[in-house]
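The values are calculated or read from the model by the stated rules, or taken from the named source; none is laboratory data. Since this is a predicted model, take the numbers as computed values, not measurements. Note that each Cβ is placed from the backbone with ideal geometry, even for glycine, and that neighbours are counted across all protein chains shown. With ligands, DNA and RNA removed, areas are computed over all heavy atoms of the protein, side chains included. Shrake-Rupley method; radii C 1.70, N 1.55, O 1.52, S 1.80 Å.
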Amino acid sequence: MKEYLCCLAPIGAIAALLAACGPMCEARVTSIAIDSTRPVTGASIPYETIRGRAFGELNPKDPHNSIIQDIGLAPKDAEGKVRYIATFQITTPINPAQRNGLLIYEVSNRGHNAIPAARALVSGATYLQSGWQGDLLANCTKPYPCTSLAKRYSGPPAQVIQVPVAHRPDGSPITGPVYGRIANAKGSTAQMIIFTTPVPYKPLSMDTTKSRLWSVASQTATGVDGPKTPIPPSDWAWADCRTVPFPGTPDPTRVCLKHGFNPNLLYEMVFTAKDPLVLGVGFAATRDIISFFHHARANDDGTANPIAGDISKVMSIGTSQSGAFIRASISYGFNQDENGRKVVDGAWSNIDGRMLFMNVRFALPDVLLELYMMGDEAPVWWADYPNKARSLPAAGLLDRCKASKTCPQILETLGSSEFYSEKMAPDLIGMTADADIPLPSNVHRYYHPGTTHGGGRGGFTYIANPPPARGCTLPANPNPEFNTNNALQHDFIALIMNGTPMPPSVYPKLSRGQIVPATKGGEGFPNIPGYPFGGNRLWRIFKYDFGPKIDYANQTGFATIQPPIVNKVLAAYAVKVNADGNEVAGVPSVLLQAPLGTYSGWNIAASGFYKGQLCGLSGSYYPFKATKAERVAAKDPRLSLEERYGTHAGYVCVVKAAARKNVRRRFLRAGTASRLIGQAQKSNVLRGITPTAADRKVAQSLCSALGSR
């Protein structure tokens with residue numbers, strides 16, 4: 001009876017009932033297997049890396065877990081528990097005395113290693129990562145999983161998790177519609193890819209009359225499809241035709257097209273899939289793995305926790321897709337473990353503003369927010385705010401952790417590209433852009449103006465005609481984020497470990513005219529020869545109808561309409577720019593304060609089906625002319641390097657001023673500032689150009705201003 005009461009208790013009452021529940025209601029890591037231990041070279045102190053697997057169990061009736069889609073339909077053991085196995089990696093100082101008490105959980109992105117290189121480790125900190133994305137073990141012809149984690153896992157990717165497959169109570173398969181797409185494909189055989197990962201579900205029937213496949217001639221960012229051509233069932237097969245001609249070798253993970261794929265067309269399919277993965281288990285597994293290594297002395301069979309007793313605080317870091325994982329994990333209440341404890345004290349969500357598409361039946365966690373893709377149905381903002389586009393009441397990402405009093409401190413960093421490729425504007429101004437959404441006191445937000453997704457390589461090298469970025473029409477954006485992020489990480493650790501306040505949040509606001517319609521006129525983008533405005537080609541925000549079985553307020557349930565109906569296309573917003581085309585709101589890098597050109601969060605695809613639209617997650621860059629004469633000849637409205645800085649020395653003075661300013665504001669470490677100034681001094685900016693008297697006067701003015709600061 002005690003177990004029953006605990007497992008049906010509302011979230012706000014969990015803490016009061018935990019003592020009565022006992023271990024029967026506890027979801028936990030029951031066993032760990034250490035597969036390897038190796039020293040780390042290059043760190044400031046001796047480190048080692050421990051790799052292994054965690055075996056865990058979940059009680060599907062417990063309110064901590066009941067939010068997980070289909071967990072009640074997952075296979076259960078004799079005790080009614082749902083099982084999973086996940087890989088993990090710990091990187092920690094070998095000498096426990098050198099561990100500083102901080103555990104940094106790095107959220108793996110698509111299974112890849114997220115723990116920094118040895119030289120970038122925070123000295124004394126312990127690092128942990130683990131598998132959470134269950135569909136990574138699905139891309140093979142055999143039933144899930146492709147590789148069982150019951151034995152040591154050695155294949156790619158680095159971090160994986162084996163989750164249950166849901167079935168109906170009578171054991172029969174669960175089915176449902178799945179939408180997939182094939183873009184830029186050549187040859188006879190292709191896979192439906194969602195960003196980088198194949199669609200992880202297999203068809204109920206390989207009879208092509210049971211599925212719908214069609215080609216699309218064009219598709220706009222506003223959700224308008226061009227002509228659609230149905231492909232007859234006789235002209236394609238669930239098969240691999242790379243070595244055997246059509247109809248090929250039967251393969252439920254591939255599509256063979258009798259007459260081959262045209263890379264200038266988009267191919268879309270809706271098929272009836274079977275055997276949905278209970279992917280939401282990845283949230284609970286991460287929660288329990290972190291709590292095990294934080295609190296447990298040993299597992300059930302006595303295997304010792306290798307970092308037992310050495311952890312006092314925990315922070316998580318997730319970038320891009322992994323940042324979405326952090327946001328969704330907090331939203332679904334997974335920052336409270338089964339003993340009512342806070343899981344992470346601080347969470348850093350970097351360059352992502354969506355709700356991860358993972359806690360829905362037949363979910364696709366790899367999705368980007370292109371047409372027909374789920375990701376911003378539930379609230380994507382931290383504070384309580386109404387979703388006016390869906391007529392939903394005020395809610396926010398922090399609602400569950402506020403109820404359980406387990407909200408972490410939150411660091412949120414984003415850049416220009418996130419407005420264009422990640423639909424970030426609603427996080428700041430809601431779906432209908434009526435007002436700035438207030439920022440809760442535990443959320444610290446910093447905006448990187450003029451950056452590509454994740455930031456560029458940095459440096460101060462001037463190239464007059466840089467080549468285009470791969471697959472794009474315009475050069476890659478070098479404007480960096482890492483220098484600012486390194487300083488913010490230092491600040492955030494000081495907050496978590498010592499309570500040192502963060503620098504005030506700095507980000508664009510609607511009320512200040514800094515967030516504007518994503519049009520050339522709205523942003524104020526200048527007329528630059530050779531650099532036409534492309535920021536209006538971003539994917540809009542769509543109000544979808546996936547059918548009545550989706551809980552839009554929580555982004556759970558299952559879709560019955562695929563592809564979804566687009567009920568409404570919402571306006572797109574981005575950040576205003578200055579006369580150079582550069583954004584000015586936020587925390588500018590030193591390079592952006594000493595610009596060598598225009599740095600944008602968008603680029604344009606050069607070829608393929610999406611030619612002329614946004615080029616993936618890539619930003620762009622267009623250099624200034626070196627001299628006034630070159631600028632005038634090119635009719636470029638932006639001042640040349642010569643007019644801005646006068647001489648190389650003048651440019652270095654501007655870099656020094658910017659670096660000092662960012663250090664004062666705690667957005668740059670002093671050592672990094674010295675390194676950047678050294679790079680500027682060695683750079684080629686305005687070298688080889690004989691300065692005029694006017695040039696020397698400009699430089700002298702800049703350097704005199706530096707001396708007064």
Karplus-derived 3J(HN,Hα), 6.51/-1.76/1.60, for each residue of the stretch 153-163, Hz, glycine and proline x: 9, 10, x, x, x, 5, 10, 9, 9, 9, 10
- request: For LYS625, LYS151, LYS568, give the ranking by accessible area with the largest first, probe 1.4 Å.
  value: LYS151, LYS568, LYS625
message: Quick query: amide H of SER316 versus all other amide H atoms, modeled in the peptide plane; which residues come in under 5 Å with a sequence gap of 5 or more or a different chain?
response: TYR105, GLY346, ALA347, TRP348
query: So what's Rg/Rh here for the stretch 28-158, counting alpha carbon atoms and using the Kirkwood radius for Rh?
result: 1.02
task: Add +1 for every Lys or Arg and -1 for every Asp or Glu among the other residues with Cβ under 13 Å from the Cβ of PRO480, and state the total.
output: +1
Integer Hz, Karplus 6.51/-1.76/1.60 couplings in order for the stretch 545-552, x for Gly and Pro: 10, 8, x, x, 8, 9, 8, 5
- line: Regression test value, accessible area per residue of the stretch 541-689, probe 1.4 Å, units Å², expected 38
- prompt: Using modelled amide H (1.01 Å from N, peptide plane; none on Pro or chain starts), what sits under 5 Å from the amide H of GLY456, excluding residues fewer than 5 places away?
  reply: ASN479, GLU481
statement: Asserting the computed 222 nm helical MRE of the chain (DSSP H runs at least 4 long, -39500 (n - 2.57) per run, divided by residue count, to nearest 500) equals -5500 deg cm²/dmol
field: Rg(Cα) / (2.2 N^0.38 Å) computed for the stretch 485-632, rounded to two decimals
entry: 1.38
- prompt: Given the pairs LYS313/LYS388; LYS274/LYS405; LYS543/LYS576, which are separated by over 29 angstrom at their Cα positions?
  reply: LYS313/LYS388; LYS274/LYS405
- line: Non-local residues with an amide H under 5 Å from the amide H of TYR385, with H modelled 1.01 Å from N and Pro and chain starts lacking one, are ALA395, GLY396
- request: Quote the Stokes-Einstein diffusion coefficient, in whole µm² s⁻¹, for the stretch 66-105, based on the Kirkwood radius over alpha carbon pairs, a temperature of 10 °C and a viscosity of 1.306 mPa s.
  value: 113
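Take the solvent-accessible surface of the protein heavy atoms, probe 1.4 Å, and return the percent of it on the chain that carbon and sulfur atoms account for. Mind showing how you got there, number by number?
Details: 14510 of 26610 Å².
Carbon with sulfur: 55 percent of the solvent-accessible area.
Taking the Cβ-Cβ separation of GLN98 and ASP35 as r and a Förster radius of 22 Å, what is the calculated FRET efficiency to the nearest 0.05? Working shown, then result.
Numbers: r = 24 Å, r/R0 = 1.10.
Taking R0 as 22 Å, the efficiency between GLN98 and ASP35 is 0.35.
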query: For the stretch 389-501, what's the radius of gyration and Dmax over Cα atoms, in angstrom?
result: 18.0, 56
- prompt: Cα-Cα pairs above 18 Å in the stretch 273-432: how many percent?
  reply: 62
query: What do you get for Rg/Rh over the stretch 229-310 if you use C-alpha atoms and the Kirkwood form of Rh?
result: 1.36
field: Radius of gyration and Dmax over the Cα atoms of the chain, both given in Å
entry: 26.5, 89
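Direction-averaged shadow area of the convex hull around the Cα atoms of the stretch 136-183, nm²?
Projected area, direction-averaged: 5.2 nm².
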task: Determine the dipole magnitude for the chain: charges of +1 sit on the beta-carbon of Lys and Arg, -1 on that of Asp and Glu, nothing else is charged, the reference point is the Cα centre, and the result goes in debye to the nearest 20.
output: 1840
Over the stretch 371-433: Rg over Rh, Cα atoms, Kirkwood Rh: 0.99
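Convex hull over the alpha-carbon atoms of the stretch 263-307: what's its volume per residue in Å³?
Numbers: hull volume 8.0 nm³, N = 45.
Expressed per residue, the convex hull around the Cα atoms of the stretch 263-307 is 177 Å³.
Evaluate the relative contact order of the stretch 89-170 (contact order divided by residue number), counting alpha-carbon pairs under 8 angstrom at least 6 apart; express in whole percent.
Numbers: 114 pairs, mean separation 25.3, N = 82.
Dividing the mean separation by the residue count of the stretch 89-170 yields 31 percent.
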field: ³J(HN,Hα), Karplus 6.51/-1.76/1.60, whole Hz, each residue of the stretch 442-452, x for Gly, Pro
entry: 8, 10, 10, 10, 9, 9, 9, x, x, 10, 7
- request: Could you check the simple spin-label distance between LYS405 and PHE195, using points 7 Å along Cα→Cβ, in nm with one decimal?
  value: 3.6
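Let me check something: with ligands and nucleic acids excluded, how do HIS648, HIS259 order by accessible area (1.4 Å probe), largest to smallest? Before the final figure, lay out each step's value.
Details: HIS648 30, HIS259 150 Å².
The most accessible residue leads, giving HIS259, HIS648.
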- request: Take the alpha-carbon positions of the stretch 177-295, form their convex hull, and give its projected area averaged over all directions (one quarter of the hull surface) in nm².
  value: 9.8
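Where does the charge balance sit around ASP491 when Lys and Arg score +1, Asp and Glu -1, over other residues with C-beta under 14 Å from its C-beta?
Residues close to ASP491 contribute a combined charge of +4.
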query: Can you give the translational diffusion coefficient of the stretch 547-595 in µm²/s, computed by Stokes-Einstein from the Kirkwood radius over Cα pairs at 37 °C and 0.692 mPa s?
result: 218
field: Share of Cα-Cα pairs in the stretch 576-709 lying beyond 20 Å, as whole percent
entry: 54
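Let me check I've understood the local charge: for ALA605, count other residues with C-beta under 12 angstrom from its C-beta, Lys and Arg +1, Asp and Glu -1. What total comes out? Before the final figure, lay out the partial values.
Details: positive: ARG470, ARG537, LYS611; negative: none.
Here the charged neighbours net out to +3.
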message: For the stretch 595-646, what are Rg and Dmax over the alpha carbons, in angstrom?
response: 14.3, 45
- request: Give me the accessible area of THR30, 1.4 Å probe, in Å² rounded to the nearest 10.
  value: 20
